[in-house]
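The values are calculated or read from the model by the stated rules, or taken from the named source; none is laboratory data. The structure displayed is predicted, hence computed values, not measured ones. For neighbour counting, all protein chains shown are included, and Cβ atoms are generated from backbone atoms with ideal geometry for every residue, glycine included. Surface accessibility is based on the protein's heavy atoms, side chains included, excluding ligands, DNA and RNA. Shrake-Rupley method; radii C 1.70, N 1.55, O 1.52, S 1.80 Å.
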Amino acid sequence: MTAWSANSGWRVRGRRTGAFGRPAGPLPEAARTELHRRGVRGSATVLGVRPRRGEPGHVFWVRVAIDGEHPYEVRIRQWVSDTDLRWMGPGDVVGCRVDPGDRERLVLFVPDPAESGRVGQAKILADGRRAEATVLAAAPVAADYAGRDDPVLRLDLELMAWDEPKPWCVRLVAPVPLAALGAVDLGARLRVAFFEVDRGESVAVDWAASLDEG
């Protein structure tokens, strides 16, 4: 099937995505190359990832953000290298290129850290500085949560670190383990790791430590 873009005048041949909530079939290599070259650039927060059953590749559940458009969730099938997969876990933010004629048709990629300014969640938890966070607000953001994955929440947090002169606020969109749902009530305290004082780009919640202290 061919996906057309009336605005750009280009087309990519390949399998079109299924209905919302169903992962699209993996794109042929030529289609991925064309999307990398001509697709609309955006970012994608990984909400969930699992290996495909009996087939190569993984199913990624992502929340896509494109300038000037409302964020949306989609599931896609894509093969990635083991090296890239380490940077594409739940909570990580990666790059994407989107077919302007079909928002559910996209390719994910790990951007250069210097270009993106973002760091993988695993690296933040392993090497980041520690802080305490107070939950200011928590709200679900995943439109198609059906109990198969951890629920995805938007968390507004106030962070305090012993080596920073004052607290600061961040906003995260991240999967929350089912066992931790009771730990994100208003005013609850969480343990977090961070690299920089920012709006949340270099912050990760340490759910294991938070639950141990709860």
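General observations
- Which listed residue, of GLU201, GLU196, is under 16 Å from ILE124 (Cβ atoms), in a loop (DSSP other than H, G, I, E, B) and free of Cβ contacts under 8 Å to residues at least 40 places away in the same chain: GLU196
- Against the test of being among the charged types (D, E, K, R), under 20 Å from PRO90 (Cβ atoms), open to solvent by less than 60 Å² (accessible area, probe 1.4 Å) and out of contact with any Pro (no Cβ under 8 Å at 6 or more places or on another chain), the options ASP127, ASP206 yield a single qualifying residue, ASP206.
- Residue within region 93-108 that is more than 18 Å from THR33 (Cα to Cα), touching a residue at least 12 places away in the same chain (Cβ under 8 Å) and open to solvent by 20 Å² or more (accessible area, probe 1.4 Å) present: yes
- Number of residues in region 51-68 that are part of a strand (DSSP E or B) and either open to solvent by 90 Å² or more (accessible area, probe 1.4 Å) or without any contact (Cβ under 8 Å) to a residue 12 or more places away in the chain (or both): the value is 1.
- Matching entry among LEU125, LEU108 (being out of contact with any Lys or Arg (no Cβ under 7 Å at 6 or more places or on another chain), of a type in the set (A, V, I, L, M, F, W, C) and more than 23 Å from ASP206 (Cα to Cα)): LEU108
- Residue match in region 112-121 (condition: open to solvent by 40 Å² or more (accessible area, probe 1.4 Å), assigned to a loop (DSSP other than H, G, I, E, B) and at positive phi): yes
- Taking the criterion of being β-branched (Val, Ile, Thr) and out of contact with any Lys or Arg (no Cβ under 7 Å at 6 or more places or on another chain), the residues of region 158-214 that qualify are VAL176, VAL184, VAL192, VAL197, VAL203, VAL205.
- Within region 184-199, the only residue that satisfies the criterion of being crowded, with 20+ Cβ neighbours inside 10 Å and among the small types (Gly, Ala, Ser) is ALA193.
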